[in-house]
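Participant: Shown below is the structure under consideration.
The values are calculated or read from the model by the stated rules, or taken from the named source; none is laboratory data. It should be emphasised that the depicted structure is a prediction, and the values quoted were computed from it without experimental measurement. In this analysis, Cβ positions are derived from the backbone assuming ideal geometry, glycine residues included, and neighbour counts consider all displayed protein chains.
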């Protein structure tokens, strides 16, 4: 039961929610619905505590606070956030919610209720076979199906996930990787696409804090130093801007903000720069009230003109999202100017409406759009995106894992604008081809396309478009979708349409092949049955019946040897038994996989030690080729057949695997390695001089007895750049070596770098 202290805390938090909810409730009736929802949820969760030990009801209250303050949704969403775990965790049903709170709130709660955790697939022959899916992927797909009903369900789900990762320190360590990977793979891109930048940034920071704690701590310390050092300089930078805008009569606020820790870390990693080389740690934001008689766009450029009277602008860094908003509705004018102390500073210029959309995302975008009867085509981009998502989800032929891959790749594609022959702008993903554009206009235009004119020049359908291109699609009635088109189209919409068209042709081809085979078997007096088909599929190397029928229809298989094939005897039962037994004795299986794999089990709550000399019959490990971790790296393991595959914790492939196959995660931990060495790469840069390469190799091989596998150096205008691939026992060895290399005269910079290609996964006994 709860103590008086618990009760006081619950009441205090709900009072804060009531105050926040007032601005989103239009009348007393809506406000009372929020209170009723709290009272109902509080009673339903009475006496229940979270892993942290606090009363469970504090979680729904926290989710509701995110919904109202950080997303800006109304009373129905606030009520649904308070009720979102009632059906899952208590005896109450969706029908109870519907009876007490109405259809819409009940539908929200129903959409938010967690999916059943086990999906069994039983085929007609009675055998249990797994579909090409996982429970997690199927759950994500079902979660996104709620887009068909109301996007607010997804927004509330994002709020729920945000609070869960805010309190992830109370989760068992072995469950954190799964939750954090799901967050980075699904929820962060979703928040980005919905315009919820604050939520996106916070989720990214939390992921970094637990996935790469040392990197997070170091960047956080340096950020704090920058804030204390440069804070006053930025204040001085803003003073003349505020003065000129005040003199011009603008009503505005001007503020400074710092880059998120994750975005700093990501820039250091992707751009290969140090913290000191990142110059946009600070940015300045101006939010103005539109002046009477002036459009918001005009005012943005007027403010820009006044700023550039004071500071010199870097025109190549202007980002005009005022005239061409981002697909998620984001509008602003970004410019970069040189401060008086020699630093580039980014300035974001927004109206109050633009700022609300930037802070609250799609919820604010739709709120303003509802007030505007003259919604522009730009404002409808988000609706188009949801239509694409709906189409992908509802495709009956896409399994959950395939859908998840497509959704993730599509959602992250940047956008560009191209124009029709009449000058109408179309928003399409960067990298799209002329054929993608054709399908963007209309299915039939894509199906009948034979070529295109881009900026009046004839180009093939595979031509990759650029921002601002004017495109005219040339069609022919005799044309139909080609299989080769799948090799170059980029958008999922185009791929889906081509797949459907080819599938229709394939069905006709299969039907013809089946008919030909039935006729030939009938001539021989043989009935169509499974034994016959299996023999033919084995002989003609067809993986299934459909492939066999297709080969027959397209004359790849002519059936001239049909009678001889059918008379051929199969291996007798004794031979089959001998092969199977011999395979087991040798520790193998019929398909080449180790027979031990079915017996392998592992306690995922305990650390799996990555031992240098594993005991006989114990589970073995190998390092992943995509990221090539070495002892000392923060790692995550995945159970694959009879071994653990080890990835770096920040590996993109690992994030994807953990999001899709959370049940295969293994909590891996290095043991000490003194014999086995691992391949690593050091990137070096400096001033070229005679004897430098000799000094470098001597330091590595003679002074530190390290085996070099490969060295590559290029010199240009007195500056050299290159890399060294070598074998080390651990990150400590590598870091010590990097430190010593940095002491060699002329070496300006030495740091660890990623190894390219699948052949980088090598280890050797040195």
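Participant: If a residue has to be closer than 25 Å to residue 256 by Cβ and in contact with a strand residue (DSSP E or B) (Cβ under 9 Å, 6 or more places away or on another chain) to count, how many in region 187-232 make the cut?
Facilitator: The total comes to 5.
Participant: Can I ask one more? In region 493-530, what count of residues is obtained for those that are outside any helix (DSSP H, G or I) and closer than 19 Å to residue 549 by Cβ?
Facilitator: The total comes to 4.
Participant: Since residue 644 meets every condition but one in (1) farther than 20 Å from residue 212 by Cβ; (2) out of contact with any helix residue (DSSP H, G or I) (no Cβ under 9 Å at 6 or more places or on another chain); (3) part of a helix (DSSP H, G or I); (4) not assigned by TED's automatic domain parsing to the domain that holds residue 731, which condition does it not meet?
Facilitator: Only one criterion in (1) farther than 20 Å from residue 212 by Cβ; (2) out of contact with any helix residue (DSSP H, G or I) (no Cβ under 9 Å at 6 or more places or on another chain); (3) part of a helix (DSSP H, G or I); (4) not assigned by TED's automatic domain parsing to the domain that holds residue 731 is unmet by residue 644, namely (3).
Participant: Being outside any loop (DSSP other than H, G, I, E, B) and either at pLDDT 85 or above or not assigned by TED's automatic domain parsing to the domain that holds residue 755 (or both) is the requirement here; does residue 280 meet it? Working first, answer last.
Facilitator: On the way: outside any loop (DSSP other than H, G, I, E, B): no; either at pLDDT 85 or above or not assigned by TED's automatic domain parsing to the domain that holds residue 755 (or both): yes.
Against the criterion (outside any loop (DSSP other than H, G, I, E, B) and either at pLDDT 85 or above or not assigned by TED's automatic domain parsing to the domain that holds residue 755 (or both)), residue 280 does not qualify.
Participant: Of (1) on the phi < 0 side of the Ramachandran plot; (2) free of Cβ contacts under 8 Å to residues at least 24 places away in the same chain, residue 494 satisfies all except one. Which?
Facilitator: Looking at each condition in turn, residue 494 falls short on (2).
Participant: Follow-up question, since we're still on this one. May I ask you to say which residue of 257, 269 is part of a strand (DSSP E or B), in the same structural domain as residue 361 (by TED's automatic domain parsing) and under 26 Å from the mean Cα position of the chain (by Cα)?
Facilitator: Numbers: 269 fails: part of a strand (DSSP E or B).
Exactly one residue qualifies, and that residue is 257.
Participant: For region 294-310, check the following and say yes or no: at least one residue is in contact with a strand residue (DSSP E or B) (Cβ under 7 Å, 6 or more places away or on another chain), closer than 20 Å to residue 253 by Cβ, part of a loop (DSSP other than H, G, I, E, B) and assigned by TED's automatic domain parsing to the domain that holds residue 243.
Facilitator: Within region 294-310, none of the residues are in contact with a strand residue (DSSP E or B) (Cβ under 7 Å, 6 or more places away or on another chain), closer than 20 Å to residue 253 by Cβ, part of a loop (DSSP other than H, G, I, E, B) and assigned by TED's automatic domain parsing to the domain that holds residue 243.
Participant: In region 333-362, which residues are at positive phi and touching a helix residue (DSSP H, G or I) at 6+ places or on another chain (Cβ under 8 Å)?
Facilitator: First pass over region 333-362, keeping only residues at positive phi: 342, 361.
Passing the criteria: only 361.
Participant: Continuing with the same structure: Could you list, in sequence order, all residues of region 1-24 that are modelled with pLDDT under 90 and within 22 Å of residue 72 (Cα to Cα)?
Facilitator: Correct list: 22, 23, 24.
Participant: Going through region 233-264 one residue at a time, which ones are without any contact (Cβ under 8 Å) to a residue 24 or more places away in the chain and either under 30 Å from residue 174 (Cβ atoms) or in contact with a strand residue (DSSP E or B) (Cβ under 9 Å, 6 or more places away or on another chain) (or both)?
Facilitator: If the condition is that a residue be without any contact (Cβ under 8 Å) to a residue 24 or more places away in the chain and either under 30 Å from residue 174 (Cβ atoms) or in contact with a strand residue (DSSP E or B) (Cβ under 9 Å, 6 or more places away or on another chain) (or both), then 235, 242, 246 are the ones that fit.
Participant: Give the residue, chosen from 73, 58, that is modelled with pLDDT of 90 or more and touching a helix residue (DSSP H, G or I) at 6+ places or on another chain (Cβ under 9 Å).
Facilitator: Values: 73 fails: modelled with pLDDT of 90 or more.
Every option except 58 fails the conditions.
Participant: Does residue 275 satisfy the criteria of being over 30 Å from residue 749 (Cβ atoms), modelled with pLDDT of 85 or more and in contact with a helix residue (DSSP H, G or I) (Cβ under 7 Å, 6 or more places away or on another chain)? Give the derivation first.
Facilitator: Details: over 30 Å from residue 749 (Cβ atoms): no; modelled with pLDDT of 85 or more: yes; in contact with a helix residue (DSSP H, G or I) (Cβ under 7 Å, 6 or more places away or on another chain): yes.
Against the criterion (over 30 Å from residue 749 (Cβ atoms), modelled with pLDDT of 85 or more and in contact with a helix residue (DSSP H, G or I) (Cβ under 7 Å, 6 or more places away or on another chain)), residue 275 does not qualify.
Participant: A further question follows. Which of (1) over 35 Å from the mean Cα position of the chain (by Cα); (2) surrounded by 16 or more Cβ atoms within 10 Å (Cβ to Cβ) does residue 233 not meet, given it meets every other one?
Facilitator: (2)
Participant: Among the residues of region 26-35, what is the count of those that are modelled with pLDDT under 90 and under 14 Å from residue 80 (Cα atoms)?
Facilitator: 0
Participant: So for region 727-746 (the condition being closer than 30 Å to residue 177 by Cβ, assigned to a loop (DSSP other than H, G, I, E, B), in contact (Cβ under 8 Å) with a residue 40 or more places away in the chain and not assigned by TED's automatic domain parsing to the domain that holds residue 612), does at least one residue qualify?
Facilitator: Yes, region 727-746 has at least one match.
Participant: Residue 686 - would you say it is surrounded by 12 or more Cβ atoms within 10 Å (Cβ to Cβ) and either more than 33 Å from the chain's Cα centre (by Cα) or not assigned by TED's automatic domain parsing to the domain that holds residue 173 (or both)?
Facilitator: Details: surrounded by 12 or more Cβ atoms within 10 Å (Cβ to Cβ): yes; either more than 33 Å from the chain's Cα centre (by Cα) or not assigned by TED's automatic domain parsing to the domain that holds residue 173 (or both): yes.
In short, yes.
Participant: So is residue 264 at pLDDT below 95, assigned to a helix (DSSP H, G or I), assigned by TED's automatic domain parsing to the domain that holds residue 228 and in contact with a helix residue (DSSP H, G or I) (Cβ under 9 Å, 6 or more places away or on another chain) or not?
Facilitator: Values: at pLDDT below 95: yes; assigned to a helix (DSSP H, G or I): yes; assigned by TED's automatic domain parsing to the domain that holds residue 228: yes; in contact with a helix residue (DSSP H, G or I) (Cβ under 9 Å, 6 or more places away or on another chain): yes.
Against the criterion (at pLDDT below 95, assigned to a helix (DSSP H, G or I), assigned by TED's automatic domain parsing to the domain that holds residue 228 and in contact with a helix residue (DSSP H, G or I) (Cβ under 9 Å, 6 or more places away or on another chain)), residue 264 qualifies.
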